[in-house]
Amino acid sequence: MEAISEEKELFKCAMKGEWNTVIRIYKNNPSVHVAKIIRSGDTALHIAVSNVQEDIVEQLVELISAQSECRKALEIRNEHGNTPLHAAASLGNVRMCQCILRVDSSLLEIRNNVGETPQFMAALYGKKEAFLCLNSYCQSQEEGYSYCRRKDGENVLHCAISGDYFDLAFQIIYLYEDLVNYVNENGISALHLLASNPTAFRSGSHLGRCSHLIYNCIIVEPLKVETSFKQSSSKVTKRSSRKTNQGGGSDENIEAPNVTSETVPKEDGRRHGDGHQFFPSNYVTLVDFVKLLSKAMMVILGLGSRRIRKLREKKQKHTWAVQVMNQLLQHVSIYQYEDNGCRPQLSLYDADEIKPYEFTEDGDIKMLIDDSDPAKQRDQSKGKTLEGEKKKTKEVAKRETPILIAAKSGITEMVDQILQRFPVAIHEMNSENKNIVLLAVENRQPHVYQLLLKKNIMKDSVFRAVDEKGNSALHLAAMLGDHKPWLIPGAALQMQWEIKWYEFVKHSMPIHFFARYNKENKTPKDIFTDTHKQLVDKGGEWLTNTSESCSVVAALIATVAFATSTTVPGGVKSESGKPTLENHPAFDVFAISSLIALCFSVTAVVMFLSILTSRYQERDFGIDLPRKLLLGLTSLFVSIASVLVSFCAGHFFILKDKLKYAAFPVYAVTCLPVTLFAIAQFPLYLDLAWALFKKVPQRSYEAIPL
């Protein structure tokens, strides 16, 4: 009863944050060290770690370490199977991790319910310093490899790349090169994950003109190998051995390695620190000055430090992703690359965590169960599950290689590097017999397609290839998928870019180069017409609505402009019939602007009426309809501006003597509502002009699912 009451008191104090009382209870009653005080199975130490009470955690661990069975208290797991070390690692708190590991570094081997070690959790949440700290306590590299994997084959490199923690991924590759070739149970390697993340690269990110200018002015430091915890890459610590005596005392614990801030290059192309050896000694100072000056100029120009920070983060992400990609390609096994990485490597896993199967030469699964194993009967009853695993393994073997995924995602950096390192990769095909060219065309990746056109490759075999349905690259260019790939608003402009893409692929090769018919006896033109019917209807509807709205505005402006152009401010002289104010500059401005407004408003009405009376054939969306819409919008904007100018010029004669120069701000405020309307429509105008004059459409950037 007394123990139960103390556990309740421990619970109340931990919830209220009365940690001094918690320490007192821990000191007076060692039995509460293993007490789970909340429903989730957390101990007081769990709660202290979760609340980042570093001083309290150190005191609690010190009290626990004074007991003979200290490991039992430190390895208590909650309902998720997490120990206090798991919690400290997920938070990335190096101090708490070191505090716990000084007592017993063998806590590193404990896995939670899903097979995650503390080291794995540090990588999962992108805690680089905590990962390096935990890694420094590994006895050997083989042991470190086992701690870096989960039950499903996911490893720390998978986690770092999936979470965009490229600085951590870079360090992991340095410490555990073999993880580059490791795959999970679905056959996904780190290179697969990176290939499916186009936003991690410059080629997969769309920037406006202003942002592009700022982006190019930003300087990002490349990643370097960190040895903050020296022994993580060279020496290894010995496990803490506690010798207990009759009084419960203990010998000294082995301390964690000293923290340093060195950066060292590694052999085999890892000399990151040698980049400045040919520059003068004040090179770094000069670079820092240029960086400071460029940032100051951007802030002065009103671009804002927040925007600069976001663009800096984006460029940092792109730069680091390229570095990680180069390291992955440098260490990837040619065999693993050609084999698609379809076999998870589990040999370094702990014996009780290894899945009981191996892969045969035929790619099937062979169960590894001893006849004397009492679980054999239970496993043999799961024949259907085993058959499912066999089927799954064969599907994994057909998984697309990284270069095919990169081509689908539009990552030109990866496609280029893979082709340089593995030229044979140009002939890779997926389960549908689609090679890199077919996938780039099908997924509307013009940058990848243009890169392949420039490559010195066998174009006859690569570009003339067809898939299992007999579709050539031109067939796939004519085929519209369910997604909207183009970075342009409006169904009509989408249709225009579909036509441009089809024409671009068609004229990229000599005439009659592509196969004319597929296995369904359809030509690319037939496929284009069949698959774009719905888009043509939507484009026609969009153009109709846009033209109707704009024609109403243009007609109103034409009416006002006609009335204005026939009115003479100040009247005319009775003896000569000439305008009274003909010698004033404002009168000339009024006369010219009113005439321009009338001319362009009528032109806009005619253009929009011609769109409304169009037949909306698919070929009309290529040039004819977009050109009419562009002329109509241009005329509309010019007429709006001219009407405003004529109004201000005519009204200036009334206020010039009273307000003088103050009249100009008044006119500016008066024109504000109409100006806001023009500004609201201006993005559409720019998109239309861009789409009309751009030869090759630009792809929107979305990740291709694995």
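Among the residues of segment 91-113, those identified as crowded, with 20+ Cβ neighbours inside 10 Å and among the polar types (S, T, N, Q) are 93, 98, 105. Take the conditions (1) more than 23 Å from residue 536 (Cβ to Cβ); (2) touching a residue at least 40 places away in the same chain (Cβ under 8 Å); residue 462 misses just one of them, which is (2).
Go through the residues of segment 586-599 one by one and say whether even a single one is surrounded by fewer than 16 Cβ atoms within 10 Å (Cβ to Cβ), over 30 Å from residue 502 (Cα atoms) and modelled with pLDDT under 85. Yes - at least one qualifying residue is present in segment 586-599. Of all positions in segment 100-120, none carries a residue that is in contact with a strand residue (DSSP E or B) (Cβ under 9 Å, 6 or more places away or on another chain) and aliphatic (A, V, I, L, M). The criterion of at least 3 residues that are of a type in the set (Asp, Glu) and buried (at least 21 other Cβ atoms within 10 Å of the Cβ) is met by none of the helices (runs of 4 or more DSSP H) wholly inside segment 426-490.
Any idea which of (1) surrounded by 21 or more Cβ atoms within 10 Å (Cβ to Cβ); (2) over 30 Å from residue 591 (Cα atoms); (3) modelled with pLDDT under 90 is the one residue 561 doesn't satisfy? So the condition that residue 561 fails would be (2).
Take the conditions touching a residue at least 24 places away in the same chain (Cβ under 8 Å), over 26 Å from residue 318 (Cα atoms) and surrounded by 24 or more Cβ atoms within 10 Å (Cβ to Cβ) and apply them to residue 85. Does it pass?
Yes: the conditions hold for residue 85.
Is at least one residue of segment 513-528 in contact with a strand residue (DSSP E or B) (Cβ under 7 Å, 6 or more places away or on another chain), of a type in the set (A, V, I, L, M, F, W, C) and not assigned by TED's automatic domain parsing to the domain that holds residue 617? Scanning segment 513-528, I find no residue that is in contact with a strand residue (DSSP E or B) (Cβ under 7 Å, 6 or more places away or on another chain), of a type in the set (A, V, I, L, M, F, W, C) and not assigned by TED's automatic domain parsing to the domain that holds residue 617, so the answer is no.
Filtered by the rule that a residue be under 21 Å from residue 79 (Cα atoms), in contact with a Leu (Cβ under 9 Å, 6 or more places away or on another chain) and assigned to a helix (DSSP H, G or I), segment 6-56 gives 32, 33, 44, 45, 48, 49, 50. Under the condition of being surrounded by fewer than 24 Cβ atoms within 10 Å (Cβ to Cβ) and either of a type in the set (A, V, I, L, M, F, W, C) or assigned to a helix (DSSP H, G or I) (or both), the residues counted in segment 148-165 number 1. When the residues of segment 614-650 are filtered to those that are of a type in the set (S, T, N, Q) and within 44 Å of the chain's Cα centre (by Cα), which remaining residue is farthest from residue 697 (Cα to Cα)? Here the answer is 639. Taking the listed residues 668, 689, the one that is surrounded by fewer than 19 Cβ atoms within 10 Å (Cβ to Cβ), at pLDDT 75 or above and either over 21 Å from residue 599 (Cβ atoms) or not assigned by TED's automatic domain parsing to the domain that holds residue 498 (or both) is 689, with no other qualifying.
When the residues of segment 147-173 are narrowed to those that are touching a helix residue (DSSP H, G or I) at 6+ places or on another chain (Cβ under 8 Å) and touching a residue at least 60 places away in the same chain (Cβ under 8 Å), which ends up farthest from residue 330 (Cα to Cα)? My answer is 149.
Just wondering, is there one or more residues in segment 42-50 that are within 42 Å of the chain's Cα centre (by Cα) and on the phi > 0 side of the Ramachandran plot?
no
The values are calculated or read from the model by the stated rules, or taken from the named source; none is laboratory data. From a predicted model like this one, the values you see are computed outputs, not experimental measurements. Cβ sites come from the backbone with ideal geometry, for glycine too, and all protein chains shown count toward neighbours.
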